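To start, the structure itself, in structure tokens.
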Amino acid sequence: MTTRRAAFLCLLAALASAPACASEDADRARRALESGAIRPLDAVLAAARAAVPGDVVSVDLKHDEGHWLYKLRILGADGKRRTVKVDAGTLRILDEDDDD
């Protein structure tokens with residue numbers, strides 16, 4: 001088997017497994033929302049925008065050491081990007097940093 005073909009097969013295998021991982025993540029998040037462990041995304045967005053006004057350009061939900069956390073990137077009217085970390089259960093702002 002050529003190196004090129006082996007690399008192609010590895011890439012194909014990685015791409016085939018990506019949707020399964022995304023689906024599992026979505027299922028975990030859905031179960032957390034239904035159980036009340038995390039708040040709905042619209043509430044998280046409102047809390048983040050109240051702390052850092054601007055347009056939310058990305059959202060990431062993480063589960064680490066038994067704790068759910070939203071990490072949002074917000075583009076302010078001043079053109080600066082900021083990262084805001086929000087406790088997914090309490091909506092408490094945990095951290096806020098300038099990206100630029």
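We did not get these values from a lab; they are worked out from the coordinates using the rules stated. Just so it is clear, the structure is predicted and the values come from calculations on it, not from any experiment.
For a test of the definition: using alpha carbon positions, the gyration tensor, and the 1.5 limit on a/c, classify the range 36-100 as rounded, prolate or oblate.
prolate
Stretch D78-R92 to full length: gain in nm at 0.36 nm per residue minus the Cα-Cα span?
Value of the extension gain: 2.6 nm.
Work out how much length V57 to E24 would gain on full extension: take 0.36 nm times their residue separation and subtract the Cα-Cα distance, in nm to one decimal.
Extending this stretch completely gives an extra 9.5 nm.
Setting aside same-chain residues fewer than 8 positions from K62, which lysines have a Cα under 22 Å from its Cα?
By straight Cα distance, K62 reaches K71, K85.
Calculate one ³J(HN,Hα) per residue across the range 47-63 by plugging θ = phi - 60° into the Karplus curve 6.51 cos²θ - 1.76 cosθ + 1.60, and present them in order as whole Hz with x for glycine and proline.
Whole-Hz 3J(HN,Hα) from phi for the range 47-63: 5, 5, 5, 5, 7, 9, x, x, 9, 6, 10, 7, 9, 9, 9, 10, 10.
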